[in-house]
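Here is the structure we will look at, set down as structure tokens.
Please treat every number below as a calculation from the coordinates, not as lab data. Nothing here was measured: the structure is a model prediction, and the numbers come from that model. Glycine gets a Cβ as well: all are built from the backbone with ideal geometry, and neighbour counts include every protein chain shown.
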Amino acid sequence: MNIPVAATHHPRDTLLRSERFPHIWCPGCGLGIVLRSYAEALEASKTPLAKHITVSGIGCTGRSAGYVNLDSYHTTHGRAIPFATGMKLANPELKVAVISGDGDLTTIGGNHLIHAARRNVDITVLLVNNFNYGMTGGQFGATTPHAARTTTSPYGNYETPFNIPHIVAACGAPYVARWTTLHIRQLRQSIERAFEVEGFSLVEIISPCPQGYGKKNGYAEAVKEMDHFMRHAIVDHDADLSKVGITMAQDDPIVVGNFVDKKRPSYAAGRQEVLARKLGGSK
């Protein structure tokens, strides 16, 4: 059987580890869209691919690092951000991106998230939020909407979830955005912009998880959750971030946009300034 040449190659074979495909993600999962958007942003980046680094933690999203044909690191649970911070400080020329999930970055690694934003470490964080620990059993986490059912909240989650853009912006991050996996073009453009920012940049990506969160909350088919995104997403770049928490309720919006885009000296720049004053003898 002769296989057509077009079927043996993919436009992004140089960016992806094709030998590791097909991927492990469930049907309907939004992580394929996230990976595609990241790859397209890499193609458009002004930084050479040889200087791009991908870091992830543990979880479904964490597997992204293994599919990207770059120097990539699959770190321990919750520790992707401090690992990425160390790499950036050791070699400032690198463009370091963290790609991981809400459980890894906000629940297990929440303390690292807020301090990296506070310090304004020059890394890009792509935080994929599917409202649960998808890989380890569908438990609730720090972003699970109130009253949502999971394997560890069968009667409904009674904890108040994090409002990620509000928290990170309050810590001083110069770039904060949120898009869903339905907003493919905006997501790609947002990642491209995040690469350009000096300092800490974060893009929260709301993604369906039909096998974990979806089955227990009326979204067993991914199209139903994507339909919810389509009907409830409101683009508001100037939104009051204290009011953009996600409930997934039928009457509440999912506010998306490029919320914060400002200049602020990065951690490295601030450190260099202090050292220059000290070495220069000024008080």
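Tabulated data
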| read-out | value |
| --- | --- |
| Given (i) 35, 32, 18; (ii) 39, 25, 19; (iii) 30, 25, 17, the label whose value is semi-axes √(5λ) of the Cα gyration tensor in Å derived from this model | (iii) |
| Surrounding net charge for S56, when Lys and Arg each add one and Asp and Glu each subtract one, Cβ distance under 10 Å | 0 |
| Pairwise FRET efficiency - L279 versus E159, Cβ, R0 = 51 Å, nearest 0.05 | 0.60 |
| Pairwise FRET efficiency - R185 versus T247, Cβ, R0 = 41 Å, nearest 0.05 | 0.95 |
| FRET efficiency, 1/(1 + (r/R0)^6) with R0 45 Å, evaluated for V223 and A90 via beta carbons | 0.50 |
| Lys/Arg +1, Asp/Glu -1 at C-beta; the chain dipole; positive extreme among V260, T47, S64 | T47 |
| Within-12-Å neighbourhood charge of S37 [Cβ basis; K, R +1; D, E -1] | +1 |
| Label point distance in nm, K46-D240, each placed 7 Å from Cα along Cα→Cβ | 3.6 nm |
| J(HN,Hα) series, the range 11-24, from Karplus relation 6.51 cos²θ - 1.76 cosθ + 1.60, nearest Hz, glycine and proline x | x, 10, 4, 6, 9, 10, 7, 4, 5, 9, 8, x, 6, 8 |
| CD proxy at 222 nm, helix term only [per DSSP H run n ≥ 4: -39500 (n - 2.57); per residue of the chain; nearest 500] | -9000 deg cm²/dmol |
| Within the chain: Cβ-based charge dipole about Cα centre, in debye rounded to nearest 20 (Lys, Arg +1; Asp, Glu -1) | 740 debye |
| Segments 248-260, 132-144 sorted - mean Cβ within 10 Å per residue, highest first | 132-144, 248-260 |
| Count, lysine Cα pairs under 29 Å in the range 16-280, 8 or more residues apart or across chains | 23 |
